[in-house]
Structures are given as C-alpha cells and as structure tokens.
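J.: Quick one: this structure, given as structure tokens, is what I'll be asking you about.
Read the figures in this text as sums done on the coordinates, not as results from a lab. These figures come from a predicted structure and were not determined experimentally. Cβ placement follows ideal geometry from the backbone for every residue including glycine, while neighbour counts extend to all protein chains displayed.
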C-alpha cells in the first residue's frame, strides 16, 4: 500500500510540475505582451527543451528500469542464498534422523527401544517462523512436510512406548499365546511405519540435494 501511494504521489507531483511549466509562459505573455525578440528566444528555447525532453525521457526511463531490474535481481539472489541455508539445515536434520538414528538402531527393531528420539527441533522452530517461506518450490516443500509427518508419527509412538516402559507393567496375551507389555506393542506399532518413514525421508533428501545443486549458481 505504501509503495502504491508513493508512486501515485510522485506521479501527481510530476504532472502538476509539468502543467505549471506549460502554464507559466502563457500567463507571462498574457500580462507582459513582449516583443518579437522574446518570441524568437522563447521558440528557440522551446525547441531545444522539446528535443532534450524527447531524447532525455526515454533514456531516463531506461536507466530507471535497469536500476529496478538490478535491484530485483539482487533481492532474488539474496532470497535464494537464504533458501540454501534453510534447505541445508533441514537436510542435515533429516539425514541425522535417517542415517544416525533410524538405520543404525531403530529400523526393524521390535525388541529394544533406543532412548534417543528422532530429531525435529529445527523444523519445529522453522515452522513457527517465516523461514520455510524461503523454499520456492511447492513440490519440494510438500515433500519435506511429508517427511516430517512420518517422522513425527514414529517419534510420538516411541515416546509413548518409553513412557509405558517407565510406568506400571501391564501385559497382554496375544491371539498366538505370546505375552507382551504395552511398550512392546507400541514399539511394534512404530516399526509398522518404517517403510513409510524411510521412503519419505529418502525422497525428501533426494529432492533437497537436487534443489541445492540448482541453487549453486547463486552462491557468489
């Protein structure tokens, strides 16, 4: 709104100034009735001024347009550099949860519960701010959101399993006769999402890597 108001005010000012320049000579001639020498001088000045305006205005507009294009290009570059930082941090967090936690202790493990939870603190912080708005491609953002969706499902179930393990031991007799406690059942539920978890995170990491390759041209 401020930009529109500023442009309108500037345009109106120029229009008033131009009208003043055009009207002032007419008023002067009407009240002073100058001689032929004045008219010759005025005509020569008007012709010179007209030629200057004809040549100068397009050049001034071209220069102004070029300046705005450079400013827009610089602003776009800065945004893409911020996007690189955002994606790099997200990639690091997702890769840590996948490679260091899931693949090295959680995947397929229904007998023991690893204490260290999956990591989503960075994403939680970014989601509550404007950082994720820097991600320009909607498809990439959707893939990242899907990865964290699967991650948080598994993380939540594992947290419940950990609480059940610390609480009173309640056992359940399964249809096949085996006896399991609440923590074991929850852990098995978490492992039921292993395939979804792994595929979503790998796809997100792959898309992030491809996007970062595209954004390398904005590094310098």
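J.: Would you list 19, 207 from fewest to most Cβ contacts within 10 Å?
T.: If I rank by nearby Cβ atoms, fewest first, I get 19, 207.
J.: So how long is each side of the stretch 79-218 along the principal axes, counting just the alpha-carbon atoms, biggest first, in Å?
T.: Largest first, the stretch 79-218 extends 61, 25, 22 Å along its Cα principal axes.
J.: To continue, here is another question. Residue 92 to residue 64: FRET efficiency via 1/(1 + (r/R0)^6), r the Cβ-Cβ distance, R0 35 Å, to the nearest 0.05?
T.: According to the calculation, E is roughly 0.25.
J.: Distance from a point 7 Å along Cα→Cβ of residue 136 to each backbone N in the stretch 81-109: keep the residues under 19 Å and list them by number.
T.: 81-91
J.: Could you order peptides 148-157, 58-67, 73-82 by the average number of other Cβ atoms within 10 Å of their residues, highest first?
T.: Highest-to-lowest ranking by the protection proxy: 148-157, 73-82, 58-67.
J.: Separation of the stretch 107-164 and the stretch 74-92 by C-alpha centroid, Å?
T.: What the calculation gives is 21 Å, centre to centre.
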